[in-house]
Amino acid sequence: MAEAVVRVAEVQAFKTKSGNTRFVLRDDDGNEYTTFREGIARQALAVEGRKARIEYHEEQRDGFTNVYLDKVEELPEEHADADRAVEEVAWKTAIDAAPWLVGPEQESRIPPEELFETLQPFKDLVAEDIREGIVGILSPRRQRDCRYRQEHARRELARPSASPAVHLLVRNP
């Protein structure tokens, strides 16, 4: 059995041709791990955006590598100070961007609560981009696809249990 420490970038759900739900855990390096087990999918969804230790095993079959995910376990964050620094930089960026977000003539007339509500979402996006190390910007279509798949994964996990099979199909290079 192999083990890896990964940062879970996202968890998505897809319907298979047979009607089962396939849950895909994608790490920050782009590696994908698929499971049909709802328990493992719940563990993965619980650590989305954080570090986790995963256990899996692989089998070669017909020119493909099948990776069977056995476990997902959250790891404690090691860099709490770094996270505070990210938040600080994100707030500074949001404050610097305020004239463009609310308009330069509006800045002095907006009540503090309304200004905060305007800047908070922008700050959250900046912090997320810093943490994920995003250099480019996803197209609006890609953003919608990602949100849909994440929501679909959450809805599927709310349903009664499905098949306990676990399977990942990765084409060999």
Give me the lysines in straight-line cross-link reach of Lys17: C-alpha distance below 26 Å, same-chain residues under 8 apart excluded. Lys71
Sequence ranges 55-62, 67-74, ranked by mean other-Cβ count within 10 angstrom, highest first: 67-74, 55-62
How large is ³J(HN,Hα) for each residue in the range 42-47, as worked out from phi by the Karplus curve 6.51 cos²θ - 1.76 cosθ + 1.60 (θ = phi - 60°), to whole Hz, x for Gly and Pro? 4, 4, 5, 5, 5, 10
Rg and Dmax of the range 1-94 over Cα atoms: what are they, in angstrom? 16.0, 53
Simple spin-label model, 7 Å along Cα-to-Cβ: Asp29 to Arg42 in nm? 2.9
With r defined as the distance between the Cβ atoms of Val5 and Asp62 and R0 fixed at 30 Å, what FRET efficiency is calculated, to the nearest 0.05? 0.50
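None of the figures in this text is laboratory data; all of them are computed from the coordinates on show. In this text, all values refer to a predicted model and were calculated from it rather than measured experimentally. Backbone-built Cβ (ideal geometry, glycine too); neighbour counts: all protein chains shown.
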